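Just below is one structure, and these are the notes that go with it.
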Amino acid sequence: MKEVREELKKIAGCFLGEESITELKAHGNGHINDTFVIVCEENGRETRWILQKINKYVFPHPEQVMENVLAVTSFLKNKIAAQGGDPDRETLTVLETKDGKAYCVDENGDYWRCYNFISDTLCFEAAETTQDFYEAAVAFGKFQSLLADYPAETLHETIANFHNTKARFAVFQEAVAKDTAKRAKSVQKEIQFILDRESVANYFTDLLVQGEIPLRVTHNDTKINNILMDKETRKGVCVIDLDTVMPGLAMHDFGDAVRFGASTAAEDELDLSKVSCDMELFEVYTKGFIEGCEGRLTPKEIKLLPMGAKTITLELAMRFLTDYLNGDMYFKVHREGHNLDRCRTQLKLVSDMEEKWDKMQEIVAKYM
Ligand code: ADP
Ligand code: GN1
Ligand code: MG
């Protein structure tokens, strides 16, 4: 343990004065990166930082991730300043290494980066009130609006086909066929549920090819724990976890937030009777997101918001099951069968959305 700490301290020392570090501990509940908070003290003044190891299995080109993050945050800083906001608080700031780089590489070839810690904020695993969920919607909508005139083609695709659900379906079929971890036999029901919905998986990919919907710069991972809210006002302060910011669909940013935040249970709940998509929360997010987007969405995109919720939920179910079949290589797991449990909640949400389909359309129609 002591060795690990010394190792970490050495890495932190690439960015900060090693001797000023008074605390270094694991932080947050992300499924992908390893996150630590560092406390430093110099001349009686305390500063905090976020140190992260970028998951290189998930992000095969960490240097491209950092190029995107630097480009997007500097673009956002200009926009925020022009609107009279605080660029140091309302978007992430990458701390350079002592030799002027955006990351450092350790002896194992792992990439590390450091951000300013944004204080006096709350980070929810689940919204505590309906109003919190509304504020998250406004903030993620605003994020998209701020980036609406960003030249999308200049961004790297940090994970190939990240939300190309059609391609995800093919990868899922391949995982079923290979059955690397010899688990397919025990999850036939889940596999069949997904196979029966190939048309849902193809829907947006086909519309995009036909030029029916626009490709935008999107966040692509809009869980409520990827936003920091002000401790006092409880309004969105800063959208974080920018590794997946790349060209994508507005409907997916909406849908991913809904599948996580409008669910009545945790993403890994074992009792599926507790899992459903709450229509009041669905409505609140619809209202907040459309407002936050400040008129940027086309009527067709608004109409397709329910489809965004359904496809992204199905996609994540496929991704969790794919990872389960592959032997848990991608998402961090904390118990036996964790990815399967996660897959099951997502499938339950898909069925629930199918049952509530007309209601979801009605709700969205109110905001067109
Ligand atoms: P992951 O990709 O693993 O989800 P995140 O970038 O979302 O990693 O970080 C994990 C958690 O760390 C977040 O949910 C949040 O609680 C916290 N966090 C990340 N960046 C900051 C920051 N700059 N200031 C304060 N807290 C942060
Ligand atoms: C991962 O990093 P985190 O925990 O915010 C994943 C998302 C999934 C989410 C499911 C890069 O998000 O796509 O929706 O888990 N991020 C990546 O909880 O794959
Ligand atoms: Mg995160």
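The values are calculated or read from the model by the stated rules, or taken from the named source; none is laboratory data. Remember, predicted model here, so these are calculated numbers, not experimental data. Glycine also receives a Cβ, built like all others from the backbone with ideal geometry; neighbour counts cover every protein chain displayed.
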Checklist entry - Mind checking whether some residue in region 43-56 is surrounded by 15 or more Cβ atoms within 10 Å (Cβ to Cβ) and farther than 28 Å from Glu125 by Cβ? => result no
Checklist outcome for this item: Within region 40-97, the residues that are farther than 22 Å from Lys235 by Cα, outside any helix (DSSP H, G or I) and of a type in the set (Gly, Ala, Ser) are Gly44
Next on the checklist: Just checking, does region 347-366 include any residue being surrounded by fewer than 17 Cβ atoms within 10 Å (Cβ to Cβ) and among the aromatic types (Phe, Trp, Tyr)?
Outcome noted: yes
Checklist outcome for this item: Screening Leu122, Leu147 for residues that are modelled with pLDDT of 95 or more, of a type in the set (A, V, I, L, M, F, W, C) and surrounded by fewer than 16 Cβ atoms within 10 Å (Cβ to Cβ) leaves only Leu122
Checklist entry - How many residues are more than 24 Å from Glu153 (Cα to Cα) and of a type in the set (Ser, Thr, Tyr) if we restrict to region 68-107? => result 1
Checklist entry - For region 129-243, which fully contained strands (runs of 3 or more DSSP E) count at least 3 residues that are more than 16 Å from ligand 3 (Cβ to nearest atom)? => result none
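If you check Thr73 against the conditions, is it surrounded by fewer than 17 Cβ atoms within 10 Å (Cβ to Cβ), more than 10 Å from ligand 1 (Cβ to nearest atom) and of a type in the set (Val, Ile, Thr)?
Spelling it out, it is not the case that Thr73 is surrounded by fewer than 17 Cβ atoms within 10 Å (Cβ to Cβ), more than 10 Å from ligand 1 (Cβ to nearest atom) and of a type in the set (Val, Ile, Thr).
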